[in-house]
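Worksheet: the structure to be examined is printed underneath.
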Amino acid sequence: MKLATLKNGTRDGALAVVSKDLSRAVTVPGIAATLQAALDDWWDAEPQLKAVYKHLNAGEMADAIAFAPHAAASPLPRAYHWVDGSAYLVHVELVRKARGAEVPESFYSDPLVYQGGSDDFLGPMDPIPLPAADMGLDLEAEVAVITNDVPLGTAPEDAAKHIKLVMLVNDVTLRNLIPAELAKGFGFYVGKPSTAFSPVAVTPDELGDAWDGGKLSLPLLSFVNGAQLGRPNAGQDLTFDFRQLIGHVTKTRKLGAGTIIGSGTVANRNHAEVGSSCLAEKRTIETLANGKPTTPFLTYGDTVRIEMRDAQGASIFGAIDQKVVRLSDA
């Protein structure tokens with residue numbers, strides 16, 4: 001099943017069921033007005049939504065409309081909780097190597113996560129506002145999951161049943177603001193502006209054998225100004241899968257329905273072959289090879305595209321397709 005939120009002038013938009021080929025959509029106010037409302041009562045809403053999905057794919061929904069990604073908000077336009085991980089430590093290793101630092105041994109057993117702002121997500125085709133050109137704007141292509149209610153103390157082996165939806169992420173980062181923030185010892189905030197998510201979120205059963213309950217084993221494609229930046233496989237070289245991330249974050253708290261958990265920047269060890277999912281990693285590789293980076297960060301007019309395709313080449317989630325604009329033009 002594929003779900004989206006259509007912009008309708010309200011904060012939370014209108015929940016829509018989207019056809020498998022991403023061509024048609026139908027709103028379902030009789031089941032749930034918003035995706036958050038559906039997640040709050042998932043046990044009741046899910047079978048009804050799946051029935052609509054079946055009829056929609058069969059061409060039996062007379063009120064279906066053409067699905068237009070530019071009219072979609074992120075699946076959850078705002079969320080109660082957004083926690084992003086750093087599951088691909090190969091990415092951390094590269095960045096630290098460039099500055100001559102080792103990765104602490106604890107990083108391999110204790111996941112890195114941070115809680116991000118979740119009150120103002122960008123739609124998949126919304127522009128990225130850049131307040132100043134020297135902030136070091138970067139994309140970060142990731143995978144994310146949405147959970148139902150997850151109890152305090154959930155073990156990793158029990159976490160898969162709480163993953164209800166999967167989607168893609170552009171975790172927008174202002175690289176040049178991060179060092180000063182981290183030096184204060186209090187974590188990210190100003191350097192992490194609004195995040196964008198894919199046009200649709202899908203139930204795990206849509207992913208077939210590519211989903212094993214905790215990770216998605218398909219290439220994640222990212223492009224800058226039409227040129228491919230990377231295609232690493234999201235199921236390879238990750239130190240922690242989503243089951244482990246959920247187990248980690250529920251050590252001290254329960255998670256409410258609609259919690260979004262991100263994988264962190266997808267990265268593979270064979271980056272020379274598959275490229276990178278963010279410019280910072282590409283710049284790091286250039287620094288290690290040549291002593292300095294040559295790839296610039298994003299600036300006004302640049303475009304970003306993030307997408308994932310199935311084994312037949314069909315887009316699974318639709319594409320995050322954004323343009324960087326001046327704050328005055330946002």
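The values are calculated or read from the model by the stated rules, or taken from the named source; none is laboratory data. Every value quoted in this text rests on a predicted model; they were computed, and no experiment measured them. When we count neighbours, we look across all protein chains shown, and the Cβ atoms used for this are built from the backbone with ideal geometry, even at glycine. Side chains included, ligands, DNA and RNA excluded: accessible areas come from the protein's heavy atoms. Shrake-Rupley method; radii C 1.70, N 1.55, O 1.52, S 1.80 Å.
Which count do you get for residues in segment 24-76 that are within 22 Å of Leu122 (Cβ to Cβ), in contact (Cβ under 8 Å) with a residue 24 or more places away in the chain, aliphatic (A, V, I, L, M) and part of a loop (DSSP other than H, G, I, E, B)?
1
Restricting the search to segment 293-309, which residues are touching a Lys or Arg at 6+ places or on another chain (Cβ under 9 Å) and in a loop (DSSP other than H, G, I, E, B)?
Correct list: Pro293, Thr294, Thr295, Pro296, Phe297, Tyr300, Gly301, Asp302.
Tell me, please, whether a residue that is free of Cβ contacts under 8 Å to residues at least 40 places away in the same chain, in a strand (DSSP E or B), among the hydrophobic types (A, V, I, L, M, F, W, C) and surrounded by 13 or more Cβ atoms within 10 Å (Cβ to Cβ) can be found in segment 108-127.
No; the residues of segment 108-127 include none that is free of Cβ contacts under 8 Å to residues at least 40 places away in the same chain, in a strand (DSSP E or B), among the hydrophobic types (A, V, I, L, M, F, W, C) and surrounded by 13 or more Cβ atoms within 10 Å (Cβ to Cβ).
State yes or no: is Ala201 in contact with a strand residue (DSSP E or B) (Cβ under 9 Å, 6 or more places away or on another chain), at negative phi and at pLDDT 95 or above?
Spelling it out, Ala201 is indeed in contact with a strand residue (DSSP E or B) (Cβ under 9 Å, 6 or more places away or on another chain), at negative phi and at pLDDT 95 or above.
Hey, among Gly318, Gly230, Gly256, Gly264, which residue is among the small types (Gly, Ala, Ser), modelled with pLDDT of 95 or more and surrounded by fewer than 22 Cβ atoms within 10 Å (Cβ to Cβ)?
Gly256
If a residue has to be open to solvent by less than 30 Å² (accessible area, probe 1.4 Å), more than 30 Å from Leu3 (Cα to Cα) and within 22 Å of the chain's Cα centre (by Cα) to count, how many in segment 280-315 make the cut?
Going through segment 280-315 one residue at a time, the tally reaches 3.
Do you know which residues across segment 141-165 are open to solvent by less than 10 Å² (accessible area, probe 1.4 Å) and among the polar types (S, T, N, Q)?
Selection gives Thr147 alone.
Go through (1) in contact with a His (Cβ under 9 Å, 6 or more places away or on another chain); (2) at pLDDT 95 or above and name the single condition Val90 misses.
Val90 satisfies every listed condition except (2).
Hey, could you check segment 178-199 for residues that are aliphatic (A, V, I, L, M) and open to solvent by less than 50 Å² (accessible area, probe 1.4 Å) and say which is nearest to Thr5 (Cα to Cα)?
Looking at the filtered set, the residue picked out is Ala196.
Yes or no: segment 297-308 includes at least one residue that is touching an Asp or Glu at 6+ places or on another chain (Cβ under 9 Å) and either free of Cβ contacts under 8 Å to residues at least 12 places away in the same chain or within 30 Å of Lys161 (Cα to Cα) (or both).
Yes, the conditions are met somewhere in segment 297-308.
All but one of (1) of a type outside the set (Ser, Thr, Tyr); (2) in contact with an Asp or Glu (Cβ under 6 Å, 6 or more places away or on another chain); (3) more than 17 Å from Arg231 (Cα to Cα); (4) surrounded by fewer than 22 Cβ atoms within 10 Å (Cβ to Cβ) hold for Arg269; which doesn't?
Of the numbered conditions (1) of a type outside the set (Ser, Thr, Tyr); (2) in contact with an Asp or Glu (Cβ under 6 Å, 6 or more places away or on another chain); (3) more than 17 Å from Arg231 (Cα to Cα); (4) surrounded by fewer than 22 Cβ atoms within 10 Å (Cβ to Cβ), the odd one out for Arg269 is (3).
In segment 65-88, what residues are under 28 Å from Leu112 (Cα atoms) and open to solvent by 30 Å² or more (accessible area, probe 1.4 Å)?
Hits for segment 65-88 are Arg78, Tyr80.
Please go through segment 233-246 and give me each residue that is part of a helix (DSSP H, G or I) and either open to solvent by less than 20 Å² (accessible area, probe 1.4 Å) or touching a strand residue (DSSP E or B) at 6+ places or on another chain (Cβ under 7 Å) (or both), ordered by number.
If the condition is that a residue be part of a helix (DSSP H, G or I) and either open to solvent by less than 20 Å² (accessible area, probe 1.4 Å) or touching a strand residue (DSSP E or B) at 6+ places or on another chain (Cβ under 7 Å) (or both), then Phe242, Leu245, Ile246 are the ones that fit.
So which residues in segment 312-330 are in a loop (DSSP other than H, G, I, E, B) and without any contact (Cβ under 8 Å) to a residue 24 or more places away in the chain?
The answer is Gln312, Gly313.
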